[in-house]
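Worksheet: the structure to be examined is printed underneath.
The values are calculated or read from the model by the stated rules, or taken from the named source; none is laboratory data. Note that the coordinates shown come from a computational prediction; the quantities given were computed from them, not determined experimentally. All Cβ positions, glycine included, derive from the backbone under ideal geometry; neighbour counts span all protein chains shown.
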Amino acid sequence: MVVVGGAFSYGQVYLVTKSGYQLAAKLKTQLFFHLQRLCVGFHTQASSGDLVVKMASEPPTAIRDLFTDWGVRALYQSW
């Protein structure tokens, strides 16, 4: 019984984590396409390094971590 419970627990954590990473990838893709559609004036004023850092780390990663952490906690509390 313990082995089956552990397997289900692992499966739940895996699925929630995978979903979180897929959500972050989708958000990064949408953010990239949005940045491409902005006017040239925006890109001449904005630092390219700042844009790369923000796109690579901030909102999608924070949302992924929140989703993953929330999902894992919710699943564990339901047991």
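Residues that are among the hydroxyl-bearing types (S, T, Y), modelled with pLDDT under 85 and either within 27 Å of S9 (Cβ to Cβ) or surrounded by 10 or more Cβ atoms within 10 Å (Cβ to Cβ) (or both) within the stretch 20-74 comprise Y21, S57, T61, T68, listed in sequence order. Could you grab the pairs with beta carbons closer than 9 Å, sequence gap of 6+ or different chains, first residue in the stretch 7-35 and over 18 Å from V53 (Cα atoms), second one assigned to a helix (DSSP H, G or I) and among the acidic types (D, E)? Pairs that qualify, where the first residue is over 18 Å from V53 (Cα atoms) and the partner is assigned to a helix (DSSP H, G or I) and among the acidic types (D, E), are G20/D65; G20/D69.
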